[in-house]
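A quick write-up on the structure given underneath.
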Amino acid sequence: MNELINEFLVESYENLDQYDSGLVELEKNPSSKETVSSIFRTLHTIKGTCGFLGLSRLEAIAHAGENLLSLVREGTLPFTRPIATALLATGDAVRSILSELEKTGEEGTADYSELVATLIRLQKPEAPEEESAPAPATAAAPAPKAAAPAAAKPATPPAVATVAAPAVAPAPTPAAAPKPAAPAEVKTPAKPKAEGSEHAPAAKVTDGTVRVNVDLLDRLMNLVGELVLTRNQIVQLAGTIESAPMQAACHRLNHITTELQDRMMKTRVQPIDALWSKFPRTVRDLARMCGKEIRLETEGAETELDRTVIEAIKDPMTHLLRNSVDHGVESPDDRRAAGKNPEGRILLRAFHAAGLVTIEIVDDGGGIKVERVKTRAIERNLITAERAAQMSTQDLVNLIFLPGFSTAEAVSNISGRGVGMDVVKTQIEKIGGMVDMSTEVGKSTTCRIKIPLTLAIIPVVIVGCRGERFAIPQTNLLEVIRLDKNLTVETVHETPVVRLRGNLLPIVFLDSVLNLKSGSRHEIQHLVVLQAGDRHFGLVVDTIHEAEEIVVKPLGRALMSLSCFAGATILGDGHVSLILDIYGLGTRASMFQGTRSSHTLEDESKSAAGKGAGTTFDELLVFSVGGTRAAVPLDMVSRLEEFGAEQIEYSAGRQVIQYGGSIMPLISLAHALGMRDTPSSDGRVQTIVYTEGSRSVGLLIDGVEEIVRSSVEVQPSGRRSGVMGSAVIGKQITELIDTHELVRTHASELFH
């Protein structure tokens, strides 16, 4: 409450300054409707806020003055000098009460009944002029104000940010620098006070808060960013100069810049309650539409975030709340049947952890029906039945983030269109955050969002690769390891991996994924272990440079489509460095398949292994594709065919061939598995025909090697879609292809 009263005092003092100058201007130009409207709004705002804060005496005075101004505004009464005098005395009385409120927390004991009576008497057109003036001194009191600029025309206030407490009531006029309070009021016990006694309270409360235009804050933030870049350059240059005074000056500059940056960042942050305050109404309205009873609770509403981040998460959080209301919390009848309180509960929780802000949306509903999610994903051809059978509960829950996924039976005003959750994920990841979902069937569902505090200045680690330098956000970095003889790179199904503390970690060579060819690789390289959401992978780079704070510069329009980069920055030596988008980099390197968790390659291998993982096949067709030895169960092969390359045609952008009186689509197995496509030297194309029902698909291979009729056990490995695992056949490691999943993935339109 103290915070609200302080804000009320600041706004009221500012508005009263405009009120005084407006009355003086109105005396000069009584016909100005804009000026009288501005004065009226000031008293109206003070009166309305007084009622909210329970300040009854102040409300009575403001109400009487508002009624008199209302008659003047409507043209019922002319604006005369006695009315001006009484209204100025009203402003003085309001100031006196505000002063008491600031000093003691109470409205004081002064008697303003005569002033109120005068304001009421002046509302009668026949009131004699000499009775209208409370006292000569009251009219003289505001005389010095005449020199102040007159607010003849109230301008629309620009967007401003308040550096302190949240506003209680909107200011009707542009913010102005606080002026000293007027001398003591006439005909009240406050009159004997010295003039200086009323200056201090106003100065004390207004000196603690100032209103600043948001554009100015953004400009100052940009200048601080440039200062940070200059600081980095000076500190780097000073390292080459052996001078104690220079080192001391650089240390001092570094300290001051860091503190200035920290203070400036605080002017941009807002409590997340600025966003959450709108949600109770949203939840209430949606609950009524759905016929539900839902209570919204919050924890950590004071958690602060950069206002640009708050703007970025507004739409995603709104959608998640709508989902909780529509899909999460059950109807009152269903809750009673389950032994629950008919009134549902949604909790919004925010807290700081590990340099990020974590936001949780928790409902006490029935949880996500995992089997229903699985069934709907199969119906929409998002995954195969075989793949779904191998997925963990967490993997199935995360299917809701796939584009086009929805479990709603019908489209409504709230949900069911199959859009939203994928957009939520995209928007959160776009600002460097991550989102995941967990559920406890019958009890609750929790959506957890982790986002950075700010998007302007971030800590990074600079890495080098083939002579180029890149910035990696520290929020995505887990550890840095030197590649040596104790940590060698192996290859599993053309995926490079390293064994890290008993787990297989997939790795990416930065020069390969970015196609860097100039410069040379270092003989000794480093592995940067990265995290993007719940996925981990390693990034191989040449060198590790210093960690530093950088200013994020947006990419130009021509580079916006590059998913590997989140922005750019200027390093201490003046060179431009690109900031890596870790999720985009991993996606480009095929590290992520759908929404599967990837804490370890072994976990991925088990889920990707298909029905053959840990099982045995007695008959296999062994063939070569993309320079790799592979095999499929013989019962998955309908026929083996050989065509001339000239027989292949194109339909709707797909390779097809005339086969058995119909058109059979073709799939390049090498291309589908991410291998190199080896063209046939003799112009003949070897094809495995896979048939399901009345549909057939041709799988293009390099050539058939043999048919193996012996017991072969499939070992789970790899992370590629369409690969069951591997086995040793004829003393050679051979990949086992999951034909069913591969065909479903690349020709799903044929097998609805």
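The set of residues in segment 1-49 that are closer than 20 Å to Leu68 by Cβ and in a loop (DSSP other than H, G, I, E, B) comprises Asn29, Pro30, Ser31, Ser32. Condition check: touching a strand residue (DSSP E or B) at 6+ places or on another chain (Cβ under 7 Å), assigned by TED's automatic domain parsing to the domain that holds Arg744 and assigned to a strand (DSSP E or B). Does Met664 satisfy that? Criteria met by Met664. Checked against (1) more than 27 Å from Glu546 (Cβ to Cβ); (2) touching a strand residue (DSSP E or B) at 6+ places or on another chain (Cβ under 9 Å); (3) not aliphatic (A, V, I, L, M), Thr426 passes all but a single condition, namely (2). Does Ala249 qualify as being at pLDDT 85 or above and out of contact with any Gly (no Cβ under 6 Å at 6 or more places or on another chain)? Taking the combined requirement at face value, the residue satisfies it. Scanning segment 501-510 for residues that are buried (at least 18 other Cβ atoms within 10 Å of the Cβ) and either over 23 Å from Gly467 (Cα atoms) or among the charged types (D, E, K, R) (or both) yields Leu504, Leu505, Pro506. Pairs are defined by a Cβ separation below 7 Å, a sequence spacing of at least 6 or placement on different chains, a first member in segment 614-637 that is over 25 Å from Gln390 (Cα atoms), and a second member that is among the hydroxyl-bearing types (Ser, Thr, Tyr) and at pLDDT below 80; the pairs so defined are Gly626/Thr678; Gly627/Thr678. Does Phe40 fit the bill of being at pLDDT below 85 and either in the same structural domain as Thr85 (by TED's automatic domain parsing) or closer than 17 Å to Leu119 by Cα (or both)? No. Inside segment 315-351, residues that are of a type in the set (A, V, I, L, M, F, W, C) and in a loop (DSSP other than H, G, I, E, B) make up a count of 2. Residues that are within 14 Å of Phe52 (Cβ to Cβ) and either surrounded by fewer than 24 Cβ atoms within 10 Å (Cβ to Cβ) or of a type in the set (Asp, Glu) (or both) within segment 10-19 comprise just one, Glu11.
Only residues that are surrounded by fewer than 15 Cβ atoms within 10 Å (Cβ to Cβ), under 30 Å from Asn6 (Cα atoms) and among the basic types (Lys, Arg) were counted in segment 211-260, giving 1.
With respect to the conditions (1) surrounded by fewer than 15 Cβ atoms within 10 Å (Cβ to Cβ); (2) within 14 Å of Gly627 (Cβ to Cβ); (3) of a type in the set (Gly, Ala, Ser), Gly683 lacks only one, and its number is (2).
Please work out if Arg322 is out of contact with any strand residue (DSSP E or B) (no Cβ under 9 Å at 6 or more places or on another chain), under 14 Å from Arg295 (Cα atoms) and not polar (S, T, N, Q). Judged against the criteria, Arg322 is a match. Whenever a residue of segment 330-352 is surrounded by fewer than 16 Cβ atoms within 10 Å (Cβ to Cβ), its partners that are of a type in the set (Lys, Arg), lying with C-beta atoms within less than 7 angstrom and at least six residues away or across chains, give the pairs Ser331/Lys292; Asn341/Arg335; Pro342/Arg335; Pro342/Arg336; Glu343/Arg295.
Taken over segment 259-294, the criterion of being charged (D, E, K, R) and at pLDDT 85 or above is satisfied by Glu259, Asp273, Arg284, Arg288, Lys292, Glu293.
Taken together, the residues in segment 552-565 that are in a strand (DSSP E or B) and modelled with pLDDT of 80 or more amount to 1.
Note on segment 278-314: residues that are free of Cβ contacts under 8 Å to residues at least 24 places away in the same chain, assigned to a helix (DSSP H, G or I) and more than 10 Å from the chain's Cα centre (by Cα) total 5.
The values are calculated or read from the model by the stated rules, or taken from the named source; none is laboratory data. Here the structure is a predicted model, which means the values were calculated and not measured. Note that we place each Cβ from the backbone using ideal geometry, even for glycine, and neighbour counts take in every protein chain shown.
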